[in-house]
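J.: My questions all concern the structure below.
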Amino acid sequence: MAATSRSFARALRCLNTPSKSIAPSAPSSRSLFSPRPRLPNLAQSRAFSITPLRLHGHITPPKPGEELHVTFIDKENHEHTIAVSAGDNLLDVAQANDLEMEGACGGSCACSTCHVIVTDEAMYDRMPEPEDDENDMLDLAFGLTETSRLGCQVAMTKELDGLRVKLPSMTRNLQASDFGSK
Amino acid sequence: MNAAARSRLCRSSAFRCRAVQASLERFYSTARNGRPFRMAVVGSGPAGFYTAYRVMSKIEKAKVDMYEALPVPFGLVRFGVAPDHPEVKNCQDKFEEVASSPDFTFVGNTAVGNLGAHFDGCTVPLPSLMRNYDAVVFAYGAARDKKLGIPGESDLKGIYSAREFVGWYNGLPEFADLAPDLTRGDEAVIVGQGNVALDIARMLLENVDVLRKSDITESAIETLLQSRIKRVHIVGRRGPMQAAFTIKEVRELMKLQHVGYHPVDMSLMPPEISKLPRARRRLMEILVKGSTAKVDGAAKSWSLDFCLSPTEFIGDASGNLSRTVFEKTSLSDPFDTASRVSATGEKIDMASAVAFRSIGYKSVALPGFTEAGISFDDRTGVIRNDGLGRAFGDNQVPLAGVYCAGWVKRGPTGVIASTMEDAFSTGDAIASDWVSDVRFASDGHSRGLEGVKGDIDTSRCNVISWNDWHKIDEAEKTRGQAIGKEREKFTTTANMLKVAA
């Protein structure tokens, strides 16, 4: 029951937050309505670059001088370094920056689609321990590692400045042969 | 992106320019002389919506029409996900975003294939879709369930399939009148040990006042309030190391207030749980640790009964279920997750006031598959496909423009995240076929819904649009608000249609 009421509380919190995805005017360029991609991944590929933060419902633009940096390494091994504010979680940051991270449950720790892998063990140890329910979801994640976390549960702090996380390829690639015997 | 912008980019570096253009082609997919790509999706659950989403993000001029047999969308997100898991339903936000695109049309209350006179919605024949779309994606899920095939299963009162029971408490019109009887005794038997079985157990054991706030139907609340069930057996043929349930669902049961868990049979547990791989280790640890509440003094209790295979349901003189007979099984290696299981011949008997069969769902072919040459595997209940969603005709050759996603593609297992990945792989296959000049269904004459309209049988009712669904949605929320719930669902299509009219 504790779990249940907590779930409800979370769901409620979600309901109360202005939804980023419903409104057609939502600024996320992953939305189907926005102008087509501004060359995702390409302009910034390989080269280390700092992407200025764009306004988005869930994240706070960092105050000058107070920026924290987080680097996402996508499935093509391209690095995206983003300046963020303390308190922003990795799922919101990734979505605001058009990185491929789905967050099917809306960041309520009820799925594993925002799985990230922290590349540096020492950095992983600086994070507060994951709660049981995060671990329960991670247990179902594809490509689970010792330093896996759910992006929605990792909020940026000063201690995490310079954090680097990898976006795992979410599933093994299905081969036609997997279905051959059926 | 316009040509000027592209050339500006190109000036920056010749090398990058090639990469940019190659990528642009992948992204915009303005293949086929820029004509729109018209796709029909059959089914509006996660598989259908995630496939539509992927295709619409990858093919610039994609027009998607989604056909749904019911007046309301979202499939198992609405009718399968447990009412006390509202956070799992948040994926609807994404579906709503997809549906509000001007390139998306919801064709609700419209079944594909003639479902016969008993069906009170609209129908559209499959050949009409095949004629009018470049691609048809089957994402209609699994609408039947597997049977045990044992005596008593189909003639005794008090045996329900998980699909019926789950559909009933979630307001699925098909089972609105199920009226399960939970008053004949205190023992319930659930056959099967997947997460659906655990959902059912939670519904039977949870304090009704907690469920009351969810979108579970009021009639389900009434029935659960009268329930006399105090002891729930969740029975499986295999052991804890082979079980299909996942840890979140087990943990929820362990934490229920005033509900005790009978200890697990330790002989089935590996001697050194701490050395197991992480996920299995955590699952076994929680099974050993047990529930917060003690069985002694608890109002209700439950157990996972391993290594039992049901052989017969036995009824009383008036045809009500009274006992379930099981044969004990033996595992070749209890600690091996893929252990073989065999029967021992030894029988045991369990008092059963009610029993639930929760051994899996099953997809069936749609009317018209044979004529369309779509190869359906009746044994496994899937459309034969290349693993990426290209549906096979005879001889394992992909059919032009026919795809599948979700449970009808890979079988009825996995959580929404698995269906999402699976749907994305189908979407990727479609997008890559579109740019590679693979042959599609309508040979360049696709007209989409315009062409189909005349073929929809609307003699009994009207097609439901996305706006109509919003009316139903609003009405359900208003009904819910009045009684302190998030939503009170309509449980008959007639009532849904009335609000939409």
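The values are calculated or read from the model by the stated rules, or taken from the named source; none is laboratory data. All values reported here derive from a predicted model rather than from experimental measurement. Cβ sites come from the backbone with ideal geometry, for glycine too, and all protein chains shown count toward neighbours. Accessible surface areas use protein heavy atoms only, side chains included; no ligands, DNA or RNA. Shrake-Rupley method; radii C 1.70, N 1.55, O 1.52, S 1.80 Å.
J.: Residues that are open to solvent by 60 Å² or more (accessible area, probe 1.4 Å) and acidic (D, E): does region B:263-270 have at least one?
T.: First, pick out the residues of region B:263-270 that are open to solvent by 60 Å² or more (accessible area, probe 1.4 Å): B:263, B:265-267.
Restricting the remaining residues to those that are acidic (D, E) gives B:265.
Scanning region B:263-270, I find at least one residue that is open to solvent by 60 Å² or more (accessible area, probe 1.4 Å) and acidic (D, E), so the answer is yes.
J.: Out of all the residues in region B:450-501, which are open to solvent by 60 Å² or more (accessible area, probe 1.4 Å), part of a loop (DSSP other than H, G, I, E, B) and not basic (K, R)?
T.: Across region B:450-501, the qualifying residues are B:T458, B:S459, B:N462, B:I483, B:E486, B:A501.
J.: Continuing with the same structure: With respect to B:K289, determine if the residue is over 26 Å from A:R149 (Cα atoms) and either open to solvent by 80 Å² or more (accessible area, probe 1.4 Å) or away from every other protein chain (no Cβ under 14 Å) (or both).
T.: no
J.: Here's a follow-up. Given B:S375, B:S352, B:S446, which one is closer than 30 Å to B:A188 by Cβ and either out of contact with any Pro (no Cβ under 6 Å at 6 or more places or on another chain) or at pLDDT 95 or above (or both)? Can you show your working first?
T.: On the way: B:S375 fails: closer than 30 Å to B:A188 by Cβ; B:S446 fails: closer than 30 Å to B:A188 by Cβ.
On inspection, the qualifying residue turns out to be B:S352.
J.: Oh, and also: Being open to solvent by 10 Å² or more (accessible area, probe 1.4 Å) and part of a helix (DSSP H, G or I) is the filter here, so list the residues in region A:139-158 that pass it.
T.: A:C152, A:Q153, A:K158 - these are the residues of region A:139-158 that are open to solvent by 10 Å² or more (accessible area, probe 1.4 Å) and part of a helix (DSSP H, G or I).
J.: Among the residues of region B:216-236 satisfying the criterion of being among the basic types (K, R) and in contact with a strand residue (DSSP E or B) (Cβ under 8 Å, 6 or more places away or on another chain), which is farthest from B:P310 (Cα to Cα)? Break it down stepwise before answering.
T.: Our first condition is that a residue be among the basic types (K, R); within region B:216-236, this holds for B:228, B:230-231.
From the residues that got through so far, the ones that are in contact with a strand residue (DSSP E or B) (Cβ under 8 Å, 6 or more places away or on another chain) too are B:230-231.
On the way: B:K230: 21, B:R231: 18 Å.
Checked region B:216-236; the qualifying residue farthest from B:P310 (Cα to Cα) is B:K230.
J.: Next up: With respect to B:K63, determine if the residue is open to solvent by 10 Å² or more (accessible area, probe 1.4 Å), out of contact with any strand residue (DSSP E or B) (no Cβ under 7 Å at 6 or more places or on another chain) and of a type outside the set (A, V, I, L, M, F, W, C). Don't jump to the end; show me each part of the working.
T.: Working: open to solvent by 10 Å² or more (accessible area, probe 1.4 Å): yes; out of contact with any strand residue (DSSP E or B) (no Cβ under 7 Å at 6 or more places or on another chain): no; of a type outside the set (A, V, I, L, M, F, W, C): yes.
No; evaluated as a whole, the condition is false for this residue.
J.: When region B:63-101 is examined, which residues are found to be hydrophobic (A, V, I, L, M, F, W, C) and either touching an Asp or Glu at 6+ places or on another chain (Cβ under 6 Å) or more than 11 Å from chain A (Cβ to nearest Cβ) (or both)?
T.: Taking region B:63-101 and keeping what is hydrophobic (A, V, I, L, M, F, W, C), we get B:64, B:66, B:69-70, B:72, B:74, B:76-77, B:79, B:81-82, B:88, B:91, B:95, B:98-99.
Within region B:63-101, B:M66, B:A69, B:L70, B:V72, B:F74, B:L76, B:F79, B:A82 meet the criteria.
J.: Which of the residues spanning region B:368-384 are assigned to a loop (DSSP other than H, G, I, E, B), free of Cβ contacts under 8 Å to residues at least 40 places away in the same chain and open to solvent by 20 Å² or more (accessible area, probe 1.4 Å)?
T.: Listed by number, the residues that qualify are B:G373, B:D378, B:R379, B:T380, B:R384.
J.: On the given criteria, is B:K157 touching a Lys or Arg at 6+ places or on another chain (Cβ under 6 Å) and surrounded by fewer than 22 Cβ atoms within 10 Å (Cβ to Cβ)?
T.: Numbers: touching a Lys or Arg at 6+ places or on another chain (Cβ under 6 Å): no; surrounded by fewer than 22 Cβ atoms within 10 Å (Cβ to Cβ): yes.
The answer is no for B:K157.
J.: How many residues are open to solvent by 50 Å² or more (accessible area, probe 1.4 Å) and polar (S, T, N, Q) when one looks only at region B:170-190?
T.: 1
J.: Out of B:V408, B:V415, I need the residue that is under 21 Å from the mean Cα position of the chain (by Cα) and either crowded, with 24+ Cβ neighbours inside 10 Å or at pLDDT 95 or above (or both). Which one?
T.: Details: B:V415 fails: either crowded, with 24+ Cβ neighbours inside 10 Å or at pLDDT 95 or above (or both).
Result of the check over B:V408, B:V415: B:V408.
J.: Same structure, new question: Out of curiosity, is B:K294 touching a helix residue (DSSP H, G or I) at 6+ places or on another chain (Cβ under 7 Å) and either among the charged types (D, E, K, R) or crowded, with 20+ Cβ neighbours inside 10 Å (or both)?
T.: Working: touching a helix residue (DSSP H, G or I) at 6+ places or on another chain (Cβ under 7 Å): no; either among the charged types (D, E, K, R) or crowded, with 20+ Cβ neighbours inside 10 Å (or both): yes.
In short, no.
J.: Based on what the data block shows, is B:K94 basic (K, R) and more than 14 Å from the chain's Cα centre (by Cα)?
T.: On the way: basic (K, R): yes; more than 14 Å from the chain's Cα centre (by Cα): yes.
Answer is yes for this residue.
J.: From the list B:G171, B:G185, which residue is more than 20 Å from B:V232 (Cα to Cα), in a loop (DSSP other than H, G, I, E, B) and small (G, A, S)?
T.: Details: B:G185 fails: more than 20 Å from B:V232 (Cα to Cα).
Just a single option satisfies the conditions, and that option is B:G171.
J.: Within region B:333-342, does at least one residue satisfy the condition of being on the phi < 0 side of the Ramachandran plot, under 28 Å from the mean Cα position of the chain (by Cα) and among the small types (G, A, S)?
T.: yes
J.: Counting only residues that are open to solvent by 10 Å² or more (accessible area, probe 1.4 Å) and of a type outside the set (A, V, I, L, M, F, W, C), which one in region A:104-114 is nearest to the other protein chains (Cβ to nearest Cβ)?
T.: Across region A:104-114, the extreme among qualifying residues is A:G106.
J.: Go through (1) more than 14 Å from every other protein chain (Cβ to nearest Cβ); (2) in contact (Cβ under 8 Å) with a residue 24 or more places away in the chain; (3) open to solvent by 30 Å² or more (accessible area, probe 1.4 Å) and name the single condition B:Y361 misses.
T.: Going through (1) more than 14 Å from every other protein chain (Cβ to nearest Cβ); (2) in contact (Cβ under 8 Å) with a residue 24 or more places away in the chain; (3) open to solvent by 30 Å² or more (accessible area, probe 1.4 Å) one by one, B:Y361 breaks only (3).
J.: Out of the residues in region A:80-91 that are within 14 Å of the chain's Cα centre (by Cα) and open to solvent by 20 Å² or more (accessible area, probe 1.4 Å), which is nearest to A:R149 (Cα to Cα)?
T.: Residues of region A:80-91 within 14 Å of the chain's Cα centre (by Cα): A:80-82, A:84, A:87-91.
Still in the running and open to solvent by 20 Å² or more (accessible area, probe 1.4 Å): A:87, A:89.
Values: A:G87: 16, A:N89: 12 Å.
Checking each candidate, the answer is A:N89.
J.: Which of the residues spanning region B:323-339 are of a type outside the set (A, V, I, L, M, F, W, C) and outside any strand (DSSP E or B)? It would help to see each step written out before you state the result.
T.: Start the filter on region B:323-339 by keeping residues that are of a type outside the set (A, V, I, L, M, F, W, C), which leaves B:323-324, B:327-330, B:332-334, B:336-337, B:339.
Hits for region B:323-339 are B:S332, B:D333, B:P334, B:D336, B:T337, B:S339.
J.: Output the number of residues of region A:45-102 satisfying the condition of being among the polar types (S, T, N, Q), modelled with pLDDT under 90 and under 25 Å from A:G143 (Cα atoms).
T.: Just the residues of region A:45-102 that are among the polar types (S, T, N, Q), to begin with: A:45, A:49, A:51, A:60, A:71, A:77, A:81, A:85, A:89, A:95, A:97.
If we keep only those that are modelled with pLDDT under 90 as well, we get A:45, A:49, A:51, A:60.
Subsequent filtering for residues that are under 25 Å from A:G143 (Cα atoms) retains A:45.
So the answer is 1.
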